[in-house]
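Please read the structure below before turning to the comments.
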């Protein structure tokens with residue numbers, strides 16, 4: 001990000017502040033006071049999670065948040081676009097200050113830290129600046145829960161080619177959520193769309209899409225009330241939509257200061273912020289902006305509306321007619337609610353709803369009988385979902401506070417063609433995992449399917465078909481991607497890294513990745529190539545170009561778009577499902593640590609299969625971890641990786657071994 005001179009940190013200050021990052025997180029003005037552990041369920045209850053506490057932003061809350069952020073922007077003499085969303089992504093306001101940049105350009109900086117002379121995929125795209133502000137707000141809301149508060153700076157840290165990203169960390173593996181930025185896509189068939197002129201009914205059913213997917217550019221922070229996440233704020237001011245390639249220093253980012261001002265009175269408790277959460281030995285980042293660096297807060301929206309700026313319409317997201325209240329997550333109107341006994345047996349489970357009482361993804365049998373003969377039955381799908389939910393309920397969370405909290409994730413099951421057959425989730429699972437769990441399930445089914453190569457070869461987008469030959473050359477297998485191998489998302493993720501083996505500099509890139517001198521979070525490889533045209537089409541629609549149509553609610557241009565209708569995902573958390581040697585579907589998990597996701601998927605498939613008989617994980621002899629890649633000097637692909645000490649109710653170890 002390009003910064004005014006006043007915000008550039010001196011070397012001495014950077015060194016001093018870097019030392020405190022693990023213990024300080026961007027201010028103390030939280031909405032929830034001192035953090036208290038999640039309460040236990042009522043004695044005698046059949047639930048293992050506490051009743052979800054509903055909360056939402058009011059119109060006065062939203063006005064205050066905007067006024068505080070705009071006041072900081074005024075003090076910095078840096079006009080901005082400020083967006084506020086609720087927890088399920090409904091846009092409650094977009095405020096454009098007079099003189100704010102109207103365009104943004106996505107970064108073309110590569111993994112080598114230099115501009116790409118031949119930008120690819122989503123690099124160097126010039127689009128309407130409101131898209132960045134909304135994506136930042138959605139990112140902060142969607143990555144957070146009552147047990148963890150993440151920001152767009154957190155997203156930047158966990159999505160790059162090394163973790164943590166810094167010049168001093170070459171050789172480390174890619175970020176744990178490598179690729180998550182290309183989720184919540186505007187073409188997704190899962191994420192819903194704002195319906196102009198229909199506010200108050202179907203227009204507010206979530207989860208909503210993000211115009212540029214999830215953001216890694218600082219300036220997006222979550223909003224809380226009484227310890228409950230209720231939304232996010234996103235600020236776009238400099239026109240440079242980028243990411244932070246160096247976490248060894250501290251940035252003085254004006255957009256982050258504006259967002260920090262906005263969340264005062266609505267900030268997360270310090271104990272759940274990202275900088276209290278370690279992953280693989282590194283503490284995550286929440287905000288480099290500090291409360292003590294803020295100017296005096298201004299909170300009078302009436303004093304700034306139509307004076308220093310105004311609410312603006314954004315096609316497909318906000319009508320600009322007035323500030324809106326948020327919808328309480330967990331209500332029918334939010335698109336998420338507790339499942340009824342008929343919908344799912346576990347009383348803790350949440351489902352997606354259409355706002356009229358109907359489960360959007362009810363449990364059902366497979367739709368692929370013509371292709372495979374004996375598809376998954378509704379009873380088999382239910383068994384896999386139930387057993388995966390049980391594993392989740394016993395699992396030790398990776399990213400939630402307090403320590404030894406139960407994991408909360410979203411669980412999706414699809415058939416071999418990627419058709420959703422059921423979706424359930426923990427009551428407080430992060431929203432981002434809803435779309436991502438479906439992406440993961442579809443990705444495992446897609447790459448394990450006999451038609452994978454033909455589908456990629458049939459994509460009309462420039463450069464997409466070439467990935468098939470790259471895989472075949474890399475694996476030295478002229479018949480790769482024809483259903484002989486069962487690919488988990490961890491396996492496909494190995495092939496999607498800009499270094500193979502993952503993180504080791506000087507190595508060749510995986511065949512599904514861009515080479516490191518062209519790679520970035522905006523140009524990951526096949527993942528980004530599949531959906532770039534969709535994002536560009538959507539950007540033209542948002543700009544309001546004459547007769548421009550919104551992108552179809554079905555991502556990619558593979559011949560059978562339903563297979564990948566919300567894109568693919570390239571970090572772990574899914575496995576294909578088999579009936580003997582026949583692919584019948586897949587299960588995808590997302591929300592609380594990638595090893596936890598792997599375990600819940602793998603054990604859910606195993607235990608569900610045992611419960612009903614006849615289905616389960618792929619036979620061992622066709623799993624991708626049987627592939628030895630000679631290019632990587634004899635490195636095996638990986639299939640799943642289950643965590644140590646995974647359960648809260650037992651000391652059992654190696655729970656996936658031998659299955």
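The values are calculated or read from the model by the stated rules, or taken from the named source; none is laboratory data. If you're wondering where the values come from, they're calculated on a predicted model, not measured in any experiment. Glycine gets a Cβ as well: all are built from the backbone with ideal geometry, and neighbour counts include every protein chain shown.
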Output yes when any residue across the stretch 142-150 is surrounded by fewer than 24 Cβ atoms within 10 Å (Cβ to Cβ), on the phi < 0 side of the Ramachandran plot and in contact (Cβ under 8 Å) with a residue 12 or more places away in the chain, and no when none is. no
Before we move on, is residue 222 crowded, with 24+ Cβ neighbours inside 10 Å and either in contact with a strand residue (DSSP E or B) (Cβ under 7 Å, 6 or more places away or on another chain) or at pLDDT below 95 (or both)? yes
How many residues, within the stretch 500-520, are under 30 Å from residue 194 (Cβ atoms) and either free of Cβ contacts under 8 Å to residues at least 40 places away in the same chain or part of a loop (DSSP other than H, G, I, E, B) (or both)? 0
With 391, 381 as the choices, which residue is crowded, with 21+ Cβ neighbours inside 10 Å, within 24 Å of the chain's Cα centre (by Cα) and more than 24 Å from residue 533 (Cβ to Cβ)? 391
Looking at residue 575, is it in contact with a helix residue (DSSP H, G or I) (Cβ under 9 Å, 6 or more places away or on another chain), buried (at least 18 other Cβ atoms within 10 Å of the Cβ), under 27 Å from residue 366 (Cβ atoms) and in contact (Cβ under 8 Å) with a residue 24 or more places away in the chain? yes
Name the residue that is farthest from residue 204 (Cα to Cα), counting only residues in the stretch 331-348 that are crowded, with 23+ Cβ neighbours inside 10 Å and under 22 Å from the mean Cα position of the chain (by Cα). 336
Sole residue being under 22 Å from residue 496 (Cα atoms), in contact with a strand residue (DSSP E or B) (Cβ under 6 Å, 6 or more places away or on another chain) and modelled with pLDDT of 95 or more, chosen from 436, 413: 436
Let me spell it out: the conditions are (1) surrounded by fewer than 20 Cβ atoms within 10 Å (Cβ to Cβ); (2) touching a strand residue (DSSP E or B) at 6+ places or on another chain (Cβ under 7 Å); (3) more than 23 Å from residue 106 (Cα to Cα), and residue 192 meets all of them except one. Which number is the exception? (1)
Counting only residues that are more than 29 Å from residue 499 (Cβ to Cβ), at pLDDT below 95 and outside any loop (DSSP other than H, G, I, E, B), the stretch 635-648 contains a total of 0
Restricting attention to the stretch 598-634, which residues are more than 18 Å from residue 582 (Cα to Cα), out of contact with any helix residue (DSSP H, G or I) (no Cβ under 9 Å at 6 or more places or on another chain) and modelled with pLDDT of 95 or more? 628
Right, residue 123: more than 23 Å from residue 93 (Cα to Cα), crowded, with 24+ Cβ neighbours inside 10 Å and under 17 Å from the mean Cα position of the chain (by Cα) or not? no
Can you tell me which residue among 523, 533 is within 18 Å of the chain's Cα centre (by Cα), closer than 14 Å to residue 182 by Cβ and either touching a residue at least 60 places away in the same chain (Cβ under 8 Å) or buried (at least 17 other Cβ atoms within 10 Å of the Cβ) (or both)? 523
If the requirement is being over 17 Å from residue 64 (Cα atoms), under 24 Å from the mean Cα position of the chain (by Cα) and surrounded by fewer than 24 Cβ atoms within 10 Å (Cβ to Cβ), which of these qualifies: 210, 274, 289, 242? 242
What is the one condition in (1) crowded, with 24+ Cβ neighbours inside 10 Å; (2) more than 30 Å from residue 649 (Cα to Cα) that residue 408 does not satisfy? (2)
Residue by residue through the stretch 314-330, note down the ones that are at positive phi and under 26 Å from the mean Cα position of the chain (by Cα). 316, 330
